[in-house]
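Values quoted throughout were computed directly from the atomic coordinates according to the rules given, and no laboratory measurement underlies them. If you're wondering where the values come from, they're calculated on a predicted model, not measured in any experiment. Cβ atoms come from the backbone with ideal geometry, glycine included; neighbour counts cover every protein chain shown.
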Amino acid sequence: MALAKTKAVALFGLNGTLIDVEADISSNLPNFILVGLPDASLSEATSRVRAACTNSGLSLPGRRITVNLSPASVPKRGSSFDLAIAVSVLAASGALNQEAAGEWLHVGELALDGSIRGVNGVLPSLLAAKELGWSRFIVPNENLAEAEVIEEIEVFGFDHLTQVASFHGSDVQPLAAGNEAKINREQQSNQLCYSDVLGQPEVIESMVVAATGGHHLLMVGSPGSGKTMVAERLPSILPRLTAEQAIETAAVESLSGLPAGISFDAPFRAPHHNSSASSLIGGGLSVPRPGLISMAHNGVLFLDEAPEFQQPALEALRQPLEAGEVFISRAAGVARFPARFQLIMAANPCPCGYAWDPTKRCKCVEPVKSRYLNRLSGPLLDRIDISLRVNNVPKAMQKERGPVSSQLRERVTAARDFGAARLAKTPWRLNAQVPGAYLRRQWKPNGNATAALDKALERGLLSMRGYDRCIRLAYSIADLEQVASPTAEHIARAMYLRGTELG
Ligand SMILES: [Zn+2]
């Protein structure tokens, strides 16, 4: 009887469990059995591993092979255990060094020819394993870039099973990977720039305020007024992500099967208005998968034509907007995904889009027309600090280019640095996160800067919530000018940005 062991990791959401992969070869009739709660796709690992070994010149013994994945209580799924299973079996059969095999954690899917294929979730798997005290990893070469961002671990990337076997002391000839096309995983930096936007200086300046305080924003305007162009350039002026944020965001992307790579640009996600609630907030059958809001974590979620989204999808955003995270419950447990994003919504003023356009005729009838924007539910609008009306650019201004994004980003970064000292004493990191009661108690602007606001509140022209929103915005405007306490002018500008279209 021969026994050998190596490590793998099982992932649930972003949480991982170290798995012992233990192979036992006994002299019974030839068979290959996998035990320890594998799902259907993992059960097929036996045929993949057998074919991969045979086609690599690493033949398996013609005896009974049992591979046990423990702890058995942890559900395991997918093909990422293939490599660990193959290594444990080859070690048990004496084809490679047992001790060497046991010192490494293996992640990777095997193709029938022995090539090692990339898998989803390598970054969160390794982060979780590192957390549990493991530090030596072998991963698919395709996933090496995402694994290499983790500090204080040893990690190697391989293309073929024979390379791993050779690494663990086998004398097999290491082969190169098969002819599977290599995917270019290098992510391009965000190339968009506000200088491409013509004649919308005020709207762009409002985006600068939104970027400074992390304020959620709504734009209402006719088709062709440039709402989408303005929104998709927001990441170009947001501060670059910290290493920690970039890894956090990449871990979610890795899990969702996107080409993983580390980018220091804030992510931008723009789901279509047909998107289901589960594609937005996350779902999956037995295994939770992150939704688009988690893929927008540390970045921007843009809902174009927001009133066209299904009501359940819009409603589903409320809780994550409040909490900055989302919980997905499945039979096997509850997974938590981060979801702290900046919400940007765009809407036409009416279903046909031309209610405000002097050059075109609106074809909508009442009451459909006046009710259109009400489709955006109150609780969602309560989270919106800035509400902008975006007009079509007059002919005379159509040659006026916007400012260069890199310069705007410098202003935003400087303003955030300025505000950071004030926020450092609080649990919040951005002005938009500061609750109203705290604003009124601790951050009341000096002197009679709030005179106009107080009057509007007294006369019932402004709700308490609207009042707080103005103070919150005024702080972002003051931070941009590096002024410690907002002045009456800052508050007046905030009242304008708060908008009146939607109360
Ligand atoms: Zn219309």
#### Entry: Square roots of five times the Cα gyration tensor eigenvalues for the range 1-78, Å
23, 14, 11
### Summary
Taking Cα pairs closer than 8 Å and at least 6 residues apart, the relative contact order of the range 194-404 in percent is 32 percent
### Summary
For the range 434-503 the mean separation of alpha carbon contacts under 8 Å (6+ apart) over residue count, i.e. relative contact order in percent, is 36 percent
### Task
For residue 319 paired with residue 463, estimate the spin-label separation in nm (one decimal), with each label point 7 Å from Cα along the Cα-to-Cβ line.
2.3 nm
### Task
Over all alpha-carbon pairs of the range 291-410, lay out the pair-distance distribution in 10 Å bins, whole %, shortest bin first.
11, 31, 29, 21, 6, 1, 0
### Query
At 222 nm, what helix-only mean residue ellipticity would the chain give, in deg cm²/dmol to the nearest 500, using -39500 (n - 2.57) for each DSSP H run of four or more?
-9500 deg cm²/dmol
#### Entry: Label point distance in nm, residue 437-residue 285, each placed 7 Å from Cα along Cα→Cβ
4.6 nm
## Note on the structure
The Cα extents of the range 194-404 along the principal axes, largest first and rounded to whole Å, are 57, 42, 27
### Query
What is the percent of Cα-Cα separations in the range 2-167 that go past 29 Å?
9 percent
### Query
What is the sum of charges around residue 337, taking Lys and Arg as +1, Asp and Glu as -1, for the other residues whose C-beta is under 11 Å from the C-beta of residue 337?
+1
### Task
Using only Cα atoms, locate the centre of the range 440-468 and the centre of the range 348-395, then give the distance between them in Å, rounded to an integer.
28 Å
### Task
Send over the per residue convex hull volume for the range 434-503, Cα only, as a whole number of Å³.
82 Å³
#### Entry: Gyration tensor verdict on the range 359-489 (Cα atoms; rounded if a/c is under 1.5, prolate if a/b is larger than b/c, oblate otherwise)
oblate
### Task
Count the DSSP beta bridges whose two residues both fall in the range 2-167, then state the antiparallel fraction as a percent rounded to the nearest 5.
60 percent
### Message
I want to make sure I understand the PRE zone here: with the label point 7 angstrom from the Cα of residue 448 toward its beta carbon, which residues in the range 482-498 have backbone N atoms less than 17 Å away?
### Response
487-492
### Task
Would you mind listing how long the chain runs along its three principal axes, going by Cα atoms, in whole Å with the largest first?
89, 51, 43
### Task
Report the calculated FRET efficiency for residue 202 and residue 151 (r = Cβ-Cβ distance, R0 = 41 Å), to the nearest 0.05.
0.40
### Message
Could you give the length gained by full extension between residue 28 and residue 305, i.e. 0.36 nm per residue of separation minus their alpha carbon distance, to one decimal place?
### Response
93.2 nm
### Query
If you stretched the chain out fully between residue 274 and residue 103, how much longer would it get, using 0.36 nm times the residue separation minus the C-alpha to C-alpha distance?
56.7 nm
### Query
What is the order of 207, 464, fewest Cβ neighbours within 10 Å to most?
464, 207
### Task
Determine the relative contact order of the chain: mean sequence separation of Cα pairs under 8 Å and six or more apart, normalised by residue count, in whole percent.
13 percent
### Task
For residue 361 paired with residue 72, estimate the spin-label separation in nm (one decimal), with each label point 7 Å from Cα along the Cα-to-Cβ line.
7.6 nm
### Task
Calculate, in nm to one decimal, what residue 414 and residue 54 gain on full extension: separation in residues at 0.36 nm each, minus their alpha carbon distance.
123.6 nm
#### Entry: Beta bridges per DSSP with both ends in the chain, % antiparallel, nearest 5
50 percent
### Message
Assuming a strict under-18 Å limit between Cα atoms, what lysine pair count do you get for the chain once near-sequence pairs (fewer than 8 apart, same chain) are dropped?
### Response
9
